[in-house]
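Values quoted throughout were computed directly from the atomic coordinates according to the rules given, and no laboratory measurement underlies them. Values in this document were obtained by computation on a predicted structure and should not be read as measured data. All Cβ positions, glycine included, derive from the backbone under ideal geometry; neighbour counts span all protein chains shown.
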Amino acid sequence: MTACSHCTSIMWIEERVRNSSVGNPRFTLCCQSAQVSLPLLPPPPPYLESLLSSQYFLDKIRIYNSIFCFTTMEGRIDNSVNDGRSAYVFRISGSNHHKIGTLLPPSRFIPKFAHLYIYDTSNELLNRLNALGRSDCSYIRCDIVQGLQEMLDSVNPYVAIFRRARDMCYMIMARYWM
């Protein structure tokens, strides 16, 4: 890997412009040879930044990410390219889309994805662990899940929208049951 001389994006050497050399690569995928300038990303929230120095968290980061996702990805996965002779390739045939579903889970269904921001939030931590659908969640640290949940509640605008939807659902249900 090497960095673009214009924007310092990390690039694979194979992503260089065809007529540039390996010793002096030029890239256009990142910044169109300095024609596009994007602002730097803001630093992560302090709690997340503290976790990013933990090897345990980095090893499990995909699991923690899946605990907090709003949607599920769907598409027709094409495994025909995976014949065992090379590294696994994830290829989707046709369109890729995200499925959000209903705001509240159907009866007798375990809440997952966006449901977890609205349904039974007094038991949200346990609901999140149950949504993983794994028999052994002992490697998941509840303090990290709780900390991430509190962090997202304070910084993520989409979480705030779903929390407002939760409050509106409870207000409607309270009127209905009175």
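Fewest to most neighbouring Cβ within 10 Å: what's the order for Leu152, Leu52?
Leu52, Leu152
Along the charge dipole of the chain, which of Phe70, Gln55, Leu152 sits closest to the positive end, that is, farthest toward it, with unit charges on the beta carbon of Lys, Arg, Asp and Glu (+1, +1, -1, -1)?
Result: Phe70, furthest along the dipole toward the positive end.
If the chain between Asp78 and Arg175 were fully stretched, how many nm would it gain, using 0.36 nm times the residue separation less the Cα-Cα distance?
Full extension from Asp78 to Arg175 adds 30.0 nm.
Can you give me the P(r) profile for segment 1-40? Cα pairs, bins 10 angstrom wide beginning at 0, each as a whole percent.
In order of increasing distance, the bins hold 34, 57, 9 percent.
Report, to one decimal in Å, the Kirkwood hydrodynamic radius for the chain based on all distinct Cα pairs.
For the chain, inverting the mean 1/r across all distinct Cα pairs yields 20.3 Å.
Give me the distance in nm between label points sitting 7 Å out from Cα along the Cα-to-Cβ direction at Thr102 and Val36, one decimal.
4.1 nm
When only C-alpha pairs under 8 Å and at least 6 residues apart count, what is the relative contact order of the chain, in percent?
14 percent
Given an 8 Å cut-off on Cα distances and at least 6 residues of separation, report the relative contact order of segment 1-40 as a percent.
35 percent
Could you list Trp12, Trp177 so that the one with the fewest beta carbons within 10 Å of its beta carbon is first and the one with the most is last?
So the ranking, lowest neighbour count to highest, is Trp177, Trp12.
Residues with amide H under 5 Å of Ser20's amide H, sequence separation 5 or more or different chain, H placed in the peptide plane at 1.01 Å from N; which?
Here the answer is Arg26, since their amide H atoms fall under 5 Å of that of Ser20.
Neighbour counts of other C-beta atoms within 10 Å: give me Cys30, Cys169 arranged from fewest to most.
Ascending number of Cβ neighbours within 10 Å: Cys169, Cys30.
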